[in-house]
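Scroll down for the structure; my scribbles are underneath it.
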Amino acid sequence: MKKVYARPLWCMNCHLCEVNCIVAHSRSRDLFRAYKRENLRGTARVIVEERLPLSVAVQCRHCDDPACVAGCISGAMVKDPATGIVYCQEDKCVGCWTCVAACPYGAIQPGEKNGRPLPLKCDLCRETGEPACVAGCPNRALVWEERRAGA
Amino acid sequence: MPALSLMPPEFSIVRDENKCVKCLACVRQCGFGAQQYDAADDRLYTIDANCVNCQRCVSICPTGALTIYKNPPPLRPHAYWTENHLRNIAKQAETGGVLLTGMGNDQPFPAYFDRLLLNASQVTNPSIDPLREPMELRTYLGRRPEAGGMMEGREERQAKTRTPLVPIETPIMFSAMSYGSISHEAFTSLARAAKEFGTMFNTGEGGLPGDLYDYADHAVVQVASGRFGVHADYLNAGRIVEIKIGQGAKPGIGGHLPGEKITAAVAATRMIPEGTDALSPAPHHDIYSIEDLKQLIFTLKEATRYQKPVSVKISAVHNVAAIASGIARAGADIIAIDGFRGGTGAAPTMIRDHVGIPIELAIAAVDQRLRDEGIRNQISLVAAGGFRSSADVVKAIALGADAVYIATAALIALGCHLCQKCYTGKCSWGIATQDPYRSRRLNPEIGAERLYNLLRGWSHEIKEMLGGMGINSIESLRGNRLHLRGVGLNEVELKLLGVKHAGEAM
Amino acid sequence: MKYVLIGNSVAAVNAVAGIREYDNEGSITIVAAENHYAYGRPLISYWLEGRVPNAAMPYRPQEFYAQNNASVLLGRRAIKLDPVAREVSLDDGTGLPYDRLLVATGGRPFVPPIKGLTPDNYFTFVNYDDVRRLEAVATPGREAVILGAGPTGLKAMESLVQRGVQVTLAELADRIWAPALDPEAAALVAGFLQDQGVKLYLNDTLASVRGMAGGRLELQLQSGREMTADILVIAIGVRPNVELLEGLPGVTINRGIMVGPDLSTGLPGVYAAGDVVAGNPPLLPHAAIQGKIAGRNMAGASETYQPLSPYNALGFLGLHIISMGNSAATGDEYDILKEIDPVTRIYRKLVIKDKHLVGALFLNKLDRAGLYRRLLEEGTDVTPLQDELLQPHFGLLSLPEEVWQQWLVE
């Protein structure tokens, strides 16, 4: 499947992937509204780790046998058999955070949106088609590509 | 910093709080500590005194919330005591040092390119549409065989010592910028773009990094007074060998790359100890005459078995024509002349701004002198120093150049905003820095694409201009000063440039 | 191929998915003791609180069974297994022949013999039906006593508190959720519960129950303490439902069913997964993974179940806990790294033994918890990381470069 791969050699620590992620997952899909009206600051589904000069955007690897899906108590977290995308059906999530404990990359963070729990994890922008973090990365430190067959 | 700074900050950074979403990209990207964040108060603020107006924050800001303004002059406007003078004096009163700067001469000297206009065909001769008809931009660099009247046996001897011509697909090459003065990423971008477009990049005086030898067939490898990174494999890997005598931004003086920029990789490439200052002497200590230069030229030709044309690069100075003649007679295959607008990673401000002459006049003078002496056709003339557009390139070729070197324009394509702080090593754009946190901002994949695009765009434009003049080959434009007219130039200038004034007929 | 799955919870549902990865033809029959399609069992407390409606209870969408061509017999129990004839008998007398059988019968709440306890004067907290019964009685102002302050008791406590019930927890151990919390962490949680108005009696348990007029209960604790309550919930653990395999030759039962690395039981074609398996912590992620692997193996794969350390995420009344491995460990044989903020009740603790992370506990700050779990599961030598482990920036980049480079391209 096509996944987002980070190329830390070119990550320049601007964190714009986080900004683009937040906007892509906002109701309005508008930068200003996402931050100023929907109050989504801090809800990025990608984690930019910093260990300067190194930095890297860490996000869900969409595992073949996802531990978060296995651990999900409500059945909210699923892996789409057609696309391979692991995502959370947000209306089913109860915020137990088993997924947070399960993820072998620490790529799921507990979050909240409109008073409801929301696991902050990459869904490869399944609703819009192209991952916003990749499209908006100014230095091509993130790429969206097929690297191995199957999966 | 002194307790009392005599000068207010040069720039003000203004943040539109209505737009700012506090993503902090500006803080993370500012190379000079002008953008700050106070986590305790969740507050962004600026230290304007640190701002160099490199525009990195403005460019990276996803909401367009930032604008940098030039502050009004610290005194009432004064045509003689300009702001630059005041700031420089205040700085020197604090430091007692030589003023340093980067990039090229920014003073309002005349730009002759802007006083020259090109011709076009109308009715009596047809113009050519480059989209429909072939248009040749390929240029060959190097020494041509001498015209007849040769002595017995000389032709044979000459054939043995004649270096091959080097074709370039567009008359634009990347000028010398050493690894060390620019980042590995910037250097790689230039090398890749040159190879992909079929032109040359120039290593500058810092050698060629080991991982870039794949690009060496598109490299002009420089030999400068410090002889950094010069060895037999280096010379033989390159396509052209260039002896650097001078540089347009700082004629007559040497170079100084501070030890902080001599990282392990730079040190290995330059073959000097890590962390030591790399000092290039002002002269080559083995060159005190044209005869000495000839020795070095042939030493290099011998070392490369006459397979590499040798170029000699000099600054455009007052006596440039006579020097160029000497260089041609000393056996050089290419003369590169760097005008006073040429850039640099670091130069004393006074030198940069007050030494040397405009490249337009130098081209005309050298071309004319070599023609007068009947040797113009033997040698290629490459002009450098401040080419801002394809029109400048076309005008330079019409004045007599074979090709041009661009560097400042290339850096601008890579993101440079001419803040002139190259010498600090803090370049926010990842160009003039060896700090990996900064240099990684310049992904050479993107850099090479941008440079390629620039070459492509300029080359298209050159074809358009040639076609308009009814010329289908760049070679036919060379030295064709009838295609140029001056505007607003006095008689001396017109005479030196060898052009008629606009309005004068053929 | 005929597949029969006894049980219809997490292990069985994942087994269906596992089977279908390899076999799209065989018939699958699920025998479900409850009258519900599979639901997320831990959701019952959320249901009782009203945070999860009936419609959101199913663990998989209704189409799941049809899509996977699995038929479900609701409300049926398997009462006898004939491993020679390869047939299971159900409580309605029907016989189900099988080629592959999965025993995923789970566990049932353990209810100790207590004087005065009758099936109608206490509740357990395991099934959908348990909370449906509780819903009728858990009304604002009533009082409840919960026996057991482990995860089940704490989730029961939360849902009752949210319904306006005054809750008292009685725990035989000296602290809350003793297998996961060390005394320090347990004290932080106890303080939190106190602030929420929950009473807590430690080192104590129920001695006797007596019904009073008006339906109230009079309870006496072992310590002699006496109290009255409207609701009694017993949440002191589960016991595996092993009866179906009991006494069959080739099967070993040791509190649960003993299984091989491929999750086979020793009877031909019979596998087991989930809470019924001996030595398996009764935790949902473990059941899900076992179910998936058992399903694949039943359909011809040969996967090995790598025993997984227990891990648990538990949240109640706004406090969140993640525990993994030997999270409660104390003592000199361990190197223990800690971060404590009593005000925000943040507690982060890593247990290191012989260079390896063997346990971790996080209260109210769960950042990158899964990363620690991976280090624990993979047995990484964490000695070089000691100074990094609890730093706020701990992440992939804290690991050796060859490791994180590899992880990034996985």
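Read-outs throughout are calculated quantities, based only on the coordinates presented, and are distinct from any laboratory measurement. None of these values were measured; they are calculated from a predicted model. Backbone-built Cβ (ideal geometry, glycine too); neighbour counts: all protein chains shown.
Here segment A:64-121 is assigned +1 on the Cβ of each Lys and Arg and -1 on the Cβ of each Asp and Glu. Its dipole about the Cα centre then comes out at about 140 debye. What is the diffusion coefficient of chain A in µm²/s, taking the Kirkwood radius over Cα pairs and the Stokes-Einstein relation at 10 °C with a viscosity of 1.306 mPa s? Once the numbers are plugged in, D ends up at 101 µm²/s.
Using a Cα-Cα cut-off of under 26 Å, which lysines could be cross-linked to B:K250, ignoring same-chain neighbours fewer than 8 residues away? The reachable lysines, counting only those whose Cα sits under 26 Å from B:K250, are B:K91, B:K261, B:K294, B:K313, B:K395, B:K421, B:K426. Note on segment B:1-66 and segment B:315-394: Cα centroid distance 41 Å, given to the nearest whole angstrom. All distinct Cα pairs of chain B go into the 1/r average, and the inverse of that average, the Kirkwood radius, is 24.1 Å. Converting the Cα gyration tensor eigenvalues of segment A:64-121 into ellipsoid dimensions via √(5λ) gives semi-axes, longest first, of 17, 13, 10 Å.
Quick one: which of B:K22/C:K349; A:K36/C:K338; A:K113/B:K19 span more than 27 angstrom between C-alpha atoms?
Pairs exceeding the cut-off: B:K22/C:K349; A:K36/C:K338.
Averaged over its residues, how many other protein chain Cβ atoms are within 10 Å of peptide C:369-377's Cβ atoms?
Mean shielding by partner chains, rounded to a whole number: 6.
Over chain B, Cα pairs under 8 Å with separation of 6+ residues give a relative contact order of 19 percent. Remark: segment C:318-408 projects, on average over all directions, an area of 6.1 nm² (convex hull of Cα atoms).
Sorting A:62-73, A:81-92 by their mean Cβ neighbour count within 10 Å, with the most densely packed peptide first, gives A:62-73, A:81-92. Each semi-axis of the equivalent ellipsoid for segment B:11-97 is √(5λ) with λ an eigenvalue of the Cα gyration tensor; in descending order they amount to 30, 15, 11 Å. Of the peptides B:306-316, B:474-484, the order by per-residue mean of other Cβ atoms within 10 Å, starting with the highest, comes out as B:306-316, B:474-484.
Dipole check for chain B: with +1 at the C-beta of Lys and Arg, -1 at the C-beta of Asp and Glu, and the Cα centre as origin, the magnitude is about 160 Debye.
The mean number of partner chain beta-carbon atoms within 10 angstrom of a residue's beta-carbon across peptide C:313-326 is 3. Projecting the alpha carbon convex hull of segment C:1-115 along each direction and taking the average yields 9.3 nm². The calculated FRET efficiency for B:Q36 paired with B:A90, based on their beta-carbon distance and R0 = 22 Å, is about 0.35. Adding -39500 (n - 2.57) for every DSSP H run of four residues or longer, then dividing by how many residues the protein assembly as shown holds, sets the calculated 222 nm ellipticity at -7500 deg cm²/dmol.
Between segment A:1-68 and segment C:51-104, how many Å separate their Cα centres? The distance from the Cα centre of segment A:1-68 to that of segment C:51-104 comes to 42 Å. Averaged over the residues of peptide A:68-81, the number of Cβ atoms from other protein chains lying within 10 Å of each residue's Cβ is 6. Proximity of backbone amide H atoms, modeled 1.01 Å from N, is registered between A:V58 and A:I47, A:V48, A:E49 at under 5 Å, excluding neighbours fewer than 5 places apart on the same chain.
Considering only chymotrypsin sites (Phe, Trp or Tyr not before Pro) in DSSP loops that have at most 16 other Cβ atoms within 10 Å, the longest stretch of chain C without any of them is C:111-333.
Rounded, prolate or oblate: which fits segment C:286-328 when a ≥ b ≥ c are the square roots of the eigenvalues of the alpha-carbon gyration tensor, with rounded for a/c under 1.5 and prolate only if a/b beats b/c? Kindly include the intermediate steps, with their values, before the conclusion.
Working: a/c = 7.46, a/b = 2.47, b/c = 3.03.
Taking the square roots of the gyration eigenvalues as a ≥ b ≥ c, segment C:286-328 is oblate.
Applying D = kT/(6 pi eta Rh) to chain C, where Rh is the Kirkwood radius over alpha-carbon pairs, T corresponds to 4 °C and eta to 1.567 mPa s, the Stokes-Einstein value obtained is 56 µm²/s.
For segment B:247-338, the direction-averaged projected area of the alpha-carbon convex hull comes to 6.8 nm². Around the amide H of A:L142, modelled in the peptide plane, lie the amide H atoms of A:R7, all under 5 Å away and 5 or more residues distant in sequence or on another chain. Peptides B:53-61, C:153-161 ranked from most to least packed by the mean count of surrounding Cβ atoms within 10 Å: C:153-161, B:53-61. Throw me the Rg/Rh for the protein assembly as shown, computed over C-alpha atoms with Kirkwood Rh, two decimals. That ratio is 1.14, to two decimals. Relative contact order of segment C:1-150: what whole-number percent is it, with Cα pairs under 8 angstrom and at least 6 residues apart? Relative contact order here is 28 percent. Using the Karplus relation 6.51 cos²θ - 1.76 cosθ + 1.60 with θ = phi - 60°, the per-residue 3J(HN,Hα) values for segment A:101-110 come to 6, 7, 4, x, 10, x, 9, 10, 10, x Hz, with x marking Gly and Pro. Residues whose amide H comes within less than 5 Å of that of B:S121, counting only those at least five positions distant or on another chain, are B:M469, B:G470 (H built at 1.01 Å from N in the peptide plane).
Of all beta bridges that DSSP places with both ends in chain B, some 40 percent have antiparallel geometry. The value given for segment C:128-234 is a Kirkwood hydrodynamic radius of 14.0 Å, derived from the mean inverse Cα-Cα separation. Between the alpha-carbon centers of segment A:79-130 and segment C:313-340, tell me the distance in whole angstrom. One Cα centre to the other: 24 Å. Return the aspartates and glutamates within reach of A:K92: Cα separation strictly under 20 angstrom, same-chain partners fewer than 8 residues apart disregarded; answer none if there are no such residues. Here the aspartates and glutamates satisfying the reach criterion relative to A:K92 are A:D80, A:E112, A:D123, A:E127, C:E49, C:E63, C:E158. Dipole magnitude for segment C:318-408: computed about the Cα centre from +1 point charges on Lys and Arg Cβ and -1 point charges on Asp and Glu Cβ, it is near 460 debye. Each of A:H15, B:H285 was scored by other Cβ atoms within 10 Å of its Cβ. Listed from fewest to most, they are B:H285, A:H15. With Cα atoms as the point set, the radius of gyration and Dmax of segment C:259-410 evaluate to 17.8, 57 Å.
Between C:L363, C:L81, C:L375, the GNM of chain C built on Cα springs shorter than 10 angstrom shows C:L375 fluctuating the most. Converting phi to 3J(HN,Hα) with the Karplus coefficients 6.51, -1.76 and 1.60 and the offset θ = phi - 60°, segment B:499-505 yields 10, 8, 7, 4, x, 6, 7 Hz in sequence order, with x at every glycine or proline.
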